[in-house]
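Inspection log for the structure reproduced underneath, given as structure tokens.
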Ligand code: SF4
């Protein structure tokens with residue numbers, strides 16, 4: 001995914017990932033012989049950006065670079081940017097300013113959505129930068145690095161007209177427990193508030209055999225959980241002769257020996273089919289969680305947002321999910337205070353929360369983005385009013401989550417353990433439905449293990465349990 005685009009809004013919260021210093025990094029591939037140089041990538045943004053950073057790291061590993069321990073020691077310093085947050089450009093230039101003092105002798109690069117958005121302007125405002133590459137041009141990165149290595153002063157990749165996806169010889173995997181596979185890049189929708197079509201280009205899907213080969217290699221490397229990524233992941237169109245549908249590729253990945261959980265994010269309601277629900281219902285390895293961003297509960301606002309569905313059409317898709325044989329949790333993204341949003345439009349969003357009964361909602365106030373049609377729409381909502389509506393919405397959703405989570409007390413779930421809170425002597429992990437469960441256990445090393453936990457207490461955003469069995 002937003003924040004103004006769909007992919008993994010939850011993951012925006014994990015912004016600020018320095019890709020190089022994770023001791024638990026799982027090296028899936030070996031790079032070229034060392035060339036004595038090192039790189040460091042500082043990443044902001046959604047899950048797509050985090051995974052892009054893993055692939056960009058792979059480009060450098062394949063050329064013999066090693067990950068640097070710190071920014072100061074790196075020969076190549078890359079800032080992987082996000083344009084979702086307000087004042088994104090200001091923040092990027094401020095960070096680049098902080099790097100100015102250490103730029104001597106280094107290659108400084110700006111990659112990601114803000115690179116695409118600001119383009120050449122980055123060289124003007126930060127002349128110590130020598131590489132600017134937007135996310136739609138990553139496949140050109142090896143060539144751009146070649147040019148820099150042969151003495152090039154300024155190189156730039158900003159083309160949006162590609163039909164290709166970003167395939168790398170190597171991908172550095174920074175998360176030891178959960179592996180990400182991008183199956184579709186770019187977006188062909190044109191939501192009026194969103195910069196993604198401008199920063200990531202047209203939609204292009206990867207061939208299913210390439211996706212499945214990567215998933216098999218990940219399983220062989222010991223990964224048990226895979227998350228398929230795309231701005232609109234369920235718009236996937238297999239370009240290979242196999243012509244696998246999205247629901248079919250989900251089933252195929254889940255059928256790979258060793259893979260226990262498959263997630264996907266983010267789905268566009270317009271492309272959400274019954275087949276996806278059927279696949280989840282009949283394939284135990286597909287997690288029982290769907291992130292289906294609605295953005296507003298008012299059809300009038302949805303039209304202004306150019307979301308291509310009405311409230312009723314969205315609710316119909318929710319009814320398919322609710323009719324599944326196993327419970328499937330549903331989360332969503334909501335934008336509050338879109339231009340022209342009246343009190344009654346907002347009331348419709350609140351009533352949608354009640355009607356759907358989401359397990360989680362990532363809500364943001366609307367803020368205009370460059371290169372979007374919504375930016376020049378009349379009837380802007382005052383900031384104070386937007387904040388007021390956001391607080392009301394968050395409070396309503398919090399009550400819904402308390403009620404939903406309380407019903408889970410006494411139930412037992414399988415948890416994939418991904419965190420150890422040493423100070424609290426507690427472990428934490430996620431259910432298949434993506435709920436966070438904190439629990440105590442007498443065992444000393446549970447990271448990556450699947451355990452059973454009985455829920456003893458509910459909070460709005462997580463559960464507390466105890467290990468059983
Ligand atoms: S334009 Fe694409 S990425 Fe942006 S919000 Fe719409 S569907 Fe999502």
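Readers should treat all values here as calculations from the given coordinates under stated rules, not as data from a laboratory. Computed from a prediction, not measured in an experiment: that's the story for all the values here. Here the Cβ is made from the backbone with ideal geometry for all residues, glycine too, and neighbour counts use every protein chain on show.
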Compute the semi-axes of the equivalent ellipsoid of the range 143-182, taking the square root of 5 times each eigenvalue of the Cα gyration tensor, and list them largest first in whole Å.
-> 27, 16, 8
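Which ordering of 377, 416 is given by a fewest-first count of other beta-carbon atoms within 10 Å? Kindly include the intermediate steps, with their values, before the conclusion.
Details: 377 16, 416 22.
Listing 377, 416 from fewest to most nearby Cβ atoms yields 377, 416.
Ranking 243, 91 by Cβ neighbours within 10 Å, fewest first, what do you get?
Details: 243 10, 91 15.
Final ranking by Cβ density, sparse to dense: 243, 91.
For a quick check: sort 198, 421 by the number of other beta carbons within 10 angstrom, fewest at the front. Write down the numbers at each step before the final one.
On the way: 198 20, 421 10.
Ranking 198, 421 by Cβ neighbours within 10 Å, fewest first, gives 421, 198.
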Roughly speaking, what % of Cα-Cα pairs in the range 363-469 are separated by over 22 Å, rounded to a whole number?
-> 49
Sorted from largest down, what three extents in whole angstroms do the Cα atoms of the range 106-260 have along their principal axes?
-> 50, 37, 27
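Per 0.36 nm of contour for each residue apart, how much would the distance between residue 423 and residue 402 grow if the chain were fully extended, relative to their Cα-Cα spacing? Can you show the working numbers first?
On the way: separation 21, 0.36 × 21 = 7.56 nm, distance 2.63 nm.
Gain in length upon complete extension: 4.9 nm.
Length gain on complete extension for the stretch residue 125 to residue 160, per 0.36 nm per residue less the alpha carbon to alpha carbon distance?
Working: separation 35, 0.36 × 35 = 12.60 nm, distance 2.29 nm.
Residue separation times 0.36 nm, minus the Cα-Cα distance, leaves 10.3 nm.
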For the range 296-360, the fraction of alpha-carbon pairs in successive 10 Å shells from zero, as % | 21, 53, 23, 4
With R₀ set to 25 angstrom, the calculated FRET efficiency between the beta-carbons of residue 414 and residue 459, to the nearest 0.05, is 0.80
Return the Cα extents of the range 201-321 along principal axes one, two and three, sorted largest first, each rounded to a whole Å.
-> 49, 30, 22
Between the range 125-168 and the range 61-112, how many Å separate their Cα centres?
-> 14
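Based on the Kirkwood radius over alpha-carbon pairs, what value in µm²/s does the Stokes-Einstein equation return for the translational diffusion coefficient of the range 254-315 at 20 °C and 1.002 mPa s? Walk me through the numbers before you get to the answer.
On the way: Rh = 13.2 Å.
Translational diffusion coefficient: 163 µm²/s.
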P(r), alpha carbons of the chain - 20 Å bins starting at zero, rounded % | 24, 57, 19, 0
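Write down the percent of antiparallel bridges among all DSSP beta bridges whose residues are both part of the chain, to the nearest 5.
On the way: 25 of 69 bridges.
Roughly 35 percent of the DSSP beta bridges within the chain come out antiparallel.
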Going out from 0 in 5 Å bins, what whole percent of all Cα-Cα distances in the range 164-218 drops into each bin?
-> 4, 16, 23, 19, 17, 12, 7, 1
Where the centre of each part is set by its Cα atoms, how far does the range 330-359 sit from the range 243-267, in angstrom?
-> 30
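Which semi-axes, in whole Å and largest first, does the equivalent ellipsoid of the range 116-172 have when worked out from the alpha carbon gyration tensor as the square roots of 5 times its eigenvalues? Spell out each step's value before the answer.
On the way: eigenvalues 81, 46, 16 Å².
Taking √(5λ) for each Cα gyration eigenvalue gives 20, 15, 9 Å.
Report the full-extension gain for the segment residue 34 to residue 316: residue separation times 0.36 nm, less the Cα-Cα distance, to one decimal in nm.
Extra length available between residue 34 and residue 316 comes to 96.0 nm.
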